[in-house]
Amino acid sequence: MARRGTQTPPPPDFEENIVDVDVSEEMRGSYLEYAYSVIYQRALPDARDGLKPVQRRILYSMNEMGLRPDRGHVKCARVVGEVMGKLHPHGDSAIYDALVRLAQPWAMRMRLVDGHGNFGSLGGDDSPAAMRYTEARMAREAMLMVDSIDEETVEFRPNYDGQETEPEVLPAAYPNLLVNGASGIAVGMATNMAPHNLTEVIAAARHLIDNPDASLDELMRFVPGPDLPTGGKIVGLEGIRDAYESGRGTFRTRATAHIEQVTPRRKGIIVTELPYAVGPERVVAKIKDFVNAKKLAGIADLKDLTDRQQGLRLVIEIKNGFHPEAVLEELYRLTPMEETFGINNVALVDGQPRTLGLRDLLQVYVDHRIEVVRRRSMFRRTKRQDRLHLVDGLVIALLNIDEVIQVIRSSDDSAAAKARLMEVFELSEIQAQYILDTPLRRLTKYDRLELEKEKKQLTKEIAQLTAILESERKLRKVVSDELAEVSKTYGTPRRTVLLESSGEAKAAAVPLEVADDPCFVLLSSTGLLARTMSAEPLPADGPRAAHDVIASAVPSTARGQVGAVTDAGRLIKVDVIDIPAVPPTATAPSLAGGAPISEFVALEKNETIVGLASLDSGGLTLGTEQGVVKRVAPDYPKNADEFEVIGLKDGDRVVRAVHLESEDDDLVFVTSDAQLLRFPASSVRPQGRAAGGMAGIRLGTDAKVIWFGTLDGARESLVVTIAGSSTALPGTQTGAIKVSDYADFPAKGRATGGVRAHRFLKGEDTLLFAWAGPVPAKAAGMTGKSIDLPTELGRRDGSGEKLPTSIAAVGGPVTLGAADATAQAGASSPDETSTDEAEQPPAE
């Protein structure tokens, strides 16, 4: 043994052979071999079946394993092991990744693998489960890819170690490359092909079969653009035309979104489809990043409500004061909700990478399919000819059964029997051997009839196959008819919408934020709050729904504030921008889109809203149940969100808060004992918030104020009163109704008792309902159905006529800023009513 550090001499017969190699040439050659291997064996699809080698090996192996759609699923690890051990000498992760993609409905327009388990998520945000957990089998569409593969339709080649064979290409009964697209990065080149609609692609292929000289424009009538698995929209079609012509082009994909009312107070953007290969997690992350960086304004909240039942659903709530349409355009501009897809149609044609346009892709597939059908027809004809040859031999044996049996019995062995049969009956070796192998039970009269029937059928099929093989036109027709059947069975409607323009002009026309324009804030009798989109006059319309007429209307601006006044004498500020907007033509929130006022203010137990107040122009006037009137001086604190506007006595409450438009208007009280008092508003001086108000009306014993409002005395107005029993349940009584002319009621001084407005009959002891307002007046019942008011005006102090049904609300036209348009039946139920029906004298 040589010592360490010493060199062992070479053997005696050793001959030194040193070859000088140019390193650059060696590197160039090795790199070219590597590049070709990647291009041909891994990264690029074949233009005929649209599959990369690993995908083709997966489908072929699953077919060989019997994992068809009518069989059970098996572990993906078993499929990966089969593919890796026999055909694909690469890592299991690469094989499993390819298998997963074939099973993802958002990646493939026609899924080729039917998977069970977690196969990842849209956009790759969630990784698939390990292959030991997931299961798979072939999808129905995958059977079209391997259909007739056992009929010598494609060439087979040895696998990597020569012990197995694999197909060079699959028969592919539909244009898989165009339908499912492809993506891959090779060495020095890459491919990125968009998916298309099966029905459209097959229609174009059939047109090309019938018209081999068809132009690109003709084909694009059938294939107007890609059809992405995730739907969405394609905006701008110029790049698609370039890609179909040259094989390279770009187009923009856009998410599908619409705007709806997501909460009573806010609108939101609902995203139901995203661009191809974009996941919701990526969109959510980008939106949050831009919001945090103050680069994206107007977003209040973001929720990902995606699930398996309803699919993708991103809910983006928009802050009040921002136009959702403009925010949506910003989302398209800044986030992955709009992406650019670059088409690069590189595929292998005869083993060489080529960039193909739409016509080239269809032509390569059509040529491949014609060759497949030709080889299949030849195979089937040969099989039928071989069978016919055997049937002819059996028929001869049946016709000469006795001689055949005699020949066989007299022969020394099977070889001699076969030779003598061939000699005596002029049979071929195959026929003679088949006769020897046939059991005697097959040689009956019935079997002879069956054989003759089979012979006739075989002769017919051979003639048909021969006609197909001898006629190019018939061969093309078979291919076209088979494609039509695939389209009929597997075709689905288009998912992606194609748009000529991007809609950028619309985005420029819509500002991001709502302007601080004048508007009116409306409160309905059912407590719905809304604002108009402008300061146009409100329509003179009546009730539209049960309990739904305008109760209060005050002027403001879109970014201003109004006050909500409660019966406890509190004023609570409300931001107008938070209130849902309705068109100026909407009436009485029936205000479709109005929101409950409880969404904007926090009320104490049993506290209610009695009207709205303008914080800018003043004019707030209050009337209380104990007959107090107060005009509130507009010295509202700027830094308080709520405050008292009247100092109420114990047991008193505000009946109604109204907006006084002019001091020339009347203030009107109606009491439970049927007294009405009108007096000029100028007789009430404005007071500070802490003041308790002035005496408005002098009440009779146990009487209460049931209605308070303001009216323009110069305008034609009506007074509606309903009398009934104080013991009746609210909303169940009908009572006696009377409509009077407001002009019949004389003006009195403040703090007087007023005049009688309704005479009680037997069984009536209180006013259940009162309303005064300009004409025309309309009434609604509890169900919202319109109720006609009496057309004849009653005497000021007369009794009413029987009311056939309950009235829930009365409304009239709303003047600019006047808020005296409604009251509700049953709003006040006095314990007792004064029986004194005479006009009360003025107070001192």
> Taking the stated definitions as given, is Gly749 among the small types (Gly, Ala, Ser), assigned by TED's automatic domain parsing to the domain that holds Thr671, at pLDDT 85 or above and not in a loop (DSSP other than H, G, I, E, B)?
Replying inline: no
>> If I ask for residues that are of a type in the set (Asp, Glu), out of contact with any helix residue (DSSP H, G or I) (no Cβ under 8 Å at 6 or more places or on another chain) and not in a loop (DSSP other than H, G, I, E, B), which ones from region 132-160 would you list?
In response: Asp150
>> Anything in region 648-661 that is in contact with a strand residue (DSSP E or B) (Cβ under 9 Å, 6 or more places away or on another chain) and in a loop (DSSP other than H, G, I, E, B)? List them, or say none.
In response: Leu648, Lys649, Asp652, Arg653, Leu660, Glu661
>> Tell me whether region 63-81 contains one or more residues that are outside any loop (DSSP other than H, G, I, E, B), of a type outside the set (S, T, N, Q) and within 11 Å of Ala139 (Cα to Cα).
In response: no
> Quick check: anything in region 669-677 at pLDDT 90 or above, polar (S, T, N, Q) and in a loop (DSSP other than H, G, I, E, B)?
Replying inline: yes
> What residue, of Thr532, Thr496, is modelled with pLDDT of 75 or more, more than 26 Å from Glu661 (Cα to Cα) and crowded, with 21+ Cβ neighbours inside 10 Å?
Replying inline: Thr496
>> Being surrounded by fewer than 20 Cβ atoms within 10 Å (Cβ to Cβ) and not polar (S, T, N, Q) is the filter here; which residues of region 210-219 pass it?
In response: Asp210, Pro212, Asp213, Ala214, Leu216, Asp217, Glu218
> Restricted to region 410-427, and to residues that are in contact with a helix residue (DSSP H, G or I) (Cβ under 7 Å, 6 or more places away or on another chain) and within 21 Å of Val395 (Cβ to Cβ), which residue is surrounded by the most Cβ atoms within 10 Å (Cβ to Cβ)?
Replying inline: Leu421
> Can you name the condition, by its number, that Ile722 falls short on among (1) within 26 Å of Ser614 (Cα to Cα); (2) under 53 Å from the mean Cα position of the chain (by Cα); (3) of a type in the set (A, V, I, L, M, F, W, C)?
Replying inline: (1)
> Regarding Glu168, is this residue surrounded by 14 or more Cβ atoms within 10 Å (Cβ to Cβ) and touching a strand residue (DSSP E or B) at 6+ places or on another chain (Cβ under 7 Å)?
Replying inline: yes
> Name the residues in region 108-122 that are in contact (Cβ under 8 Å) with a residue 60 or more places away in the chain and either surrounded by fewer than 20 Cβ atoms within 10 Å (Cβ to Cβ) or polar (S, T, N, Q) (or both), would you?
Replying inline: Ser121
> How many of the residues in region 687-705 are farther than 14 Å from Arg750 by Cα and in contact with a Phe, Trp or Tyr (Cβ under 8 Å, 6 or more places away or on another chain)?
Replying inline: 2
> Looking only at residues in region 261-313 that are among the β-branched types (Val, Ile, Thr) and more than 24 Å from Val235 (Cβ to Cβ), which one is modelled with the highest pLDDT?
Replying inline: Val291
>> So Arg381 ticks every box in (1) within 21 Å of Tyr174 (Cα to Cα); (2) in the same structural domain as Glu461 (by TED's automatic domain parsing) but one. Which box is left unticked?
In response: (1)
>> Out of everything in region 352-382 that is among the β-branched types (Val, Ile, Thr) and either under 16 Å from Asn176 (Cβ atoms) or without any contact (Cβ under 8 Å) to a residue 40 or more places away in the chain (or both), what residue ends up being surrounded by the most Cβ atoms within 10 Å (Cβ to Cβ)?
In response: Val372
>> Against the condition over 60 Å from the mean Cα position of the chain (by Cα), at pLDDT 90 or above and of a type in the set (Ser, Thr, Tyr), how does Ser471 come out, does it pass?
In response: no
> Of the residues that make up region 730-744, is at least one in contact with a helix residue (DSSP H, G or I) (Cβ under 8 Å, 6 or more places away or on another chain) and surrounded by fewer than 23 Cβ atoms within 10 Å (Cβ to Cβ)?
Replying inline: no
>> Looking at region 404-417 only, could you name the residues that are part of a helix (DSSP H, G or I), farther than 18 Å from Leu451 by Cβ and not hydroxyl-bearing (Ser, Thr, Tyr)?
In response: Gln406, Val407, Ile408, Arg409, Ala415, Ala416, Ala417
> Here are some residues: Leu399, Leu356. Which one is outside the structural domain of Glu461 (by TED's automatic domain parsing) and out of contact with any His (no Cβ under 7 Å at 6 or more places or on another chain)?
Replying inline: Leu356
> Does region 644-663 contain any residue that is touching a residue at least 40 places away in the same chain (Cβ under 8 Å), buried (at least 24 other Cβ atoms within 10 Å of the Cβ) and on the phi > 0 side of the Ramachandran plot?
Replying inline: no
> From the list Leu99, Leu112, which residue is touching a strand residue (DSSP E or B) at 6+ places or on another chain (Cβ under 7 Å), not basic (Lys, Arg) and not assigned by TED's automatic domain parsing to the domain that holds Val486?
Replying inline: Leu99
> Considering region 739-777 alone, what residues qualify as being more than 15 Å from Asp797 (Cβ to Cβ) and among the acidic types (Asp, Glu)?
Replying inline: Asp765
> Yes or no: Leu177 of a type in the set (A, V, I, L, M, F, W, C), surrounded by 23 or more Cβ atoms within 10 Å (Cβ to Cβ) and either touching a Cys at 6+ places or on another chain (Cβ under 8 Å) or in contact (Cβ under 8 Å) with a residue 60 or more places away in the chain (or both)?
Replying inline: yes
>> Can you report the number of residues in region 681-722 which are among the polar types (S, T, N, Q), in contact with a strand residue (DSSP E or B) (Cβ under 6 Å, 6 or more places away or on another chain) and assigned to a loop (DSSP other than H, G, I, E, B)?
In response: 0
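The values are calculated or read from the model by the stated rules, or taken from the named source; none is laboratory data. Given the structure is predicted, the values throughout are model-derived calculations rather than measurements. FYI the Cβ positions are ideal-geometry reconstructions off the backbone, even for glycines, and counts take in every protein chain you see.
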